[in-house]
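Let me begin by presenting the structure, written as structure tokens, before commenting on it.
The values are calculated or read from the model by the stated rules, or taken from the named source; none is laboratory data. These numbers come from a predicted model, not from an experiment. When we count neighbours, we look across all protein chains shown, and the Cβ atoms used for this are built from the backbone with ideal geometry, even at glycine.
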Amino acid sequence: MSPAKIRPRRAFYGSWLARIHAELYAERYAPAWPWLAAQITEASARPFLFDIGCGAGRWPAYAKSMKIEVEGIDISEEFVHICREKGLHVRHESAQHAAPPPQISAATALGEVLAYKPASLAPAIRDLARALPPGGLVFFDLPGPDTPEGDSDRGGKGWRLSVQQRKSGRDLLRKIQVETARGREIELHELRLFEPEEALGIVEGLGLAGEILESYGPCPLAPGRFAIRAVKP
């Protein structure tokens, strides 16, 4: 493929990357969906999920199929468009400034969503702790200090995706290059690396009771990552 043009981006998941990401990774957490849905439905007579960082919307669509009402947000306009194509109620909004719906009973942020800089973990948990009813649940995962560095290169029909992942102190840096027939687009993602106990301290300091998870039920996490399950007392 000939790179007709190169467009560096600071935005997250532009049109090219979002569609490729949906093709490659949209069901990364699919083994966890029944486990998550069961916990959410058991915790509330009227379960209402707020999904932060919906991506292509596969998890919210599954939750909806399990009779869970769903509202979500994503920072990517393209992902919001993909979700709305599926009939999902998704807003174009940053996790750092998320506005949970008043009827919320549970929240999820799957796929390191709350680690993206500018840091959104504490603001998001603060807002969720205020909005959730007693017994309300939160599930999210983060990259830890042992997250490995590395390079990857994958291709498909009409596209190629290359990722360079490096650590710099407490940050995880990803340079993502997408090449299509229309040219080459580069996105630069910066994430914060969290110690599990540090993240748990933020959760508990904001009024939730939390526990560190090594997996989402039967669904393993990527190397170096950990998850947290939190409940509002």
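Worth pointing out:
- Residues satisfying the stated conditions in the stretch 224-233, i.e. outside any strand (DSSP E or B) and more than 30 Å from residue 16 (Cβ to Cβ): 232, 233
- Residues within the stretch 113-153 that are touching a residue at least 40 places away in the same chain (Cβ under 8 Å), out of contact with any Ser or Thr (no Cβ under 8 Å at 6 or more places or on another chain) and of a type outside the set (A, V, I, L, M), tallied: 11
- Residue that is exposed (fewer than 15 other Cβ atoms within 10 Å of the Cβ) and touching a strand residue (DSSP E or B) at 6+ places or on another chain (Cβ under 8 Å), where the choices are 192, 170: 170
- Residue match in the stretch 177-190 (condition: polar (S, T, N, Q) and outside the structural domain of residue 111 (by TED's automatic domain parsing)): yes
- Filtered residue count, the stretch 168-223, keeping only those that are closer than 26 Å to residue 30 by Cβ and in a strand (DSSP E or B): 15
- Test result for residue 63, at pLDDT 95 or above, buried (at least 22 other Cβ atoms within 10 Å of the Cβ) and in contact with a helix residue (DSSP H, G or I) (Cβ under 7 Å, 6 or more places away or on another chain): yes
- Within the stretch 78-112, being assigned to a helix (DSSP H, G or I) and either of a type in the set (A, V, I, L, M, F, W, C) or free of Cβ contacts under 8 Å to residues at least 40 places away in the same chain (or both) holds for 79, 80, 81, 82, 83, 84, 85, 95, 96, 97.
- All positions within the stretch 113-153 that are charged (D, E, K, R), surrounded by 15 or more Cβ atoms within 10 Å (Cβ to Cβ) and in a strand (DSSP E or B): 141
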